[in-house]
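Notes follow the structure.
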Amino acid sequence: MYSTAKAGPQRLTSTSALDHKLSHRRTLPSLPHFDRPSIDPGKAVSNILYNIPPPSTQPFKRHILNMFVQDEPGVLARVSGCLAARGVNIDSLVVCATDVPDLSRMCIVLRGQDATIEQVRRQLEDLIPVWAVVDYTHTKVIEREIMLVKISTLGPEYFDADHFGLMDEAEYEVDNAITQAEGHEIAQQPLSLSAGEALSIKSDNMRSISALAKQFQGCIVDVSDTCVIVELVAKTSRIDAFFKLVRPFGILECSRSGTMVLPRSPIKSSWVSQSDQEDESGAVMDPTMLPPG
């Protein structure tokens with residue numbers, strides 16, 4: 001008598017990704033047929049040499065590619081190698097697992113021309129471990145990035161001191177003497193602070209950093225006697241703005257995760273808003289019609 005066992009879930013492989021793309025291959029229309037006329041080889045070579053198309057004048061834009069790849073060793077190396085072969089630099093790259101076993105999501109932020117990025121997207125989609133590549137550049141998405149930044153509370157004059165320790169007057173005098181002996185101008189060194197002055201400076205800077213973090217919906221996750229660590233989750237432009245505002249305090253360390261995106265879901269409604277009408281019309285404002293200034 002033969003016993004039947006219940007088969008478990010089938011494991012995804014690179015062959016599964018290849019089978020999926022072959023079964024969902026997009027059919028392109030056939031090209032028209034033309035009779036080939038006889039061409040002089042000299043004229044053909046002249047056309048190749050002297051009729052070179054000018055370089056593309058398309059602007060470099062920020063592109064977001066979302067990929068579904070096979071969870072196996074070597075996929076990231078093949079993707080980065082494909083991008084390096086086209087001369088495209090990666091601004092950020094985030095890889096994470098999905099709710100589907102053996103399938104990972106990869107979000108890549110690139111900068112380049114539309115034609116170049118489209119060619120890169122097609123080459124990435126031809127890789128065997130890659131299931132699909134979606135371009136979210138012109139799609140309404142939710143974009144988030146996490147940043148951990150360590151900010152000094154002593155101010156820009158003291159945050160870069162050795163081990164965050166305040167140098168005493170004797171050390172400053174030795175440095176000034178060496179500077180005078182070498183014939184250089186004496187650099188203005190920060191004066192040593194008393195305990196009360198240091199406490200007052202740290203308290204003022206702490207309030208300012210806390211107010212900025214609250215304004216950007218961030219939070220302080222660590223506090224020490226000389227610095228604080230702020231955690232901020234927002235889109236890339238807001239993180240850049242917060243980083244510019246806290247730079248005068250003194251940035252000790254900074255770590256950013258990279259961009260993660262998900263497309264927005266449309267709202268089903270019979271009412272059509274003004275923005276929806278503008279999107280459907282596709283009208284583009286002519287800059288020459290704007291008033292001067």
Where in region 200-282 are the strands (runs of 3 or more DSSP E), entirely inside, with at least 3 residues that are among the hydrophobic types (A, V, I, L, M, F, W, C) and either under 24 Å from Ile108 (Cβ atoms) or in contact with a Ser or Thr (Cβ under 9 Å, 6 or more places away or on another chain) (or both)?
227-234, 251-256, 260-263
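Conditions (1) under 23 Å from Thr13 (Cβ atoms); (2) hydrophobic (A, V, I, L, M, F, W, C); (3) not assigned by TED's automatic domain parsing to the domain that holds Thr236, marked per residue:
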residue: Val69; (1), (2), (3): yes, yes, yes
residue: Glu72; (1), (2), (3): yes, no, yes
residue: Ser80; (1), (2), (3): yes, no, yes
residue: Ala84; (1), (2), (3): no, yes, yes
residue: Asp91; (1), (2), (3): no, no, yes
residue: Cys96; (1), (2), (3): yes, yes, yes
residue: Leu103; (1), (2), (3): yes, yes, yes
residue: Met106; (1), (2), (3): yes, yes, yes
residue: Leu110; (1), (2), (3): no, yes, yes
Go over the candidates Ser203, Ser210 one by one and state the one that is under 14 Å from Leu154 (Cα atoms) and not aromatic (Phe, Trp, Tyr).
Ser203
Within the bounds of region 232-254, is there any residue that is closer than 16 Å to Arg144 by Cβ, touching a Gly at 6+ places or on another chain (Cβ under 6 Å) and buried (at least 16 other Cβ atoms within 10 Å of the Cβ)?
yes
Give me the residue from region 118-156 that is touching a Ser or Thr at 6+ places or on another chain (Cβ under 8 Å) and outside any loop (DSSP other than H, G, I, E, B) and, out of that set, nearest to Ile267 (Cα to Cα).
Glu143
Within region 101-133, can you find the residues that are of a type in the set (Val, Ile, Thr), closer than 16 Å to Ser16 by Cα and surrounded by fewer than 21 Cβ atoms within 10 Å (Cβ to Cβ)?
Ile128
Looking across region 134-154 at residues that are out of contact with any Asp or Glu (no Cβ under 9 Å at 6 or more places or on another chain) and closer than 30 Å to Gly196 by Cβ, the single one that is surrounded by the most Cβ atoms within 10 Å (Cβ to Cβ) is Ile151
Check whether at least one residue in region 160-171 is at pLDDT below 90, surrounded by fewer than 16 Cβ atoms within 10 Å (Cβ to Cβ) and within 23 Å of Asp240 (Cα to Cα), and report yes or no.
yes
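The values are calculated or read from the model by the stated rules, or taken from the named source; none is laboratory data. All values reported here derive from a predicted model rather than from experimental measurement. Every residue, glycine among them, receives a Cβ derived from its backbone with ideal geometry; neighbour counts consider all protein chains shown.
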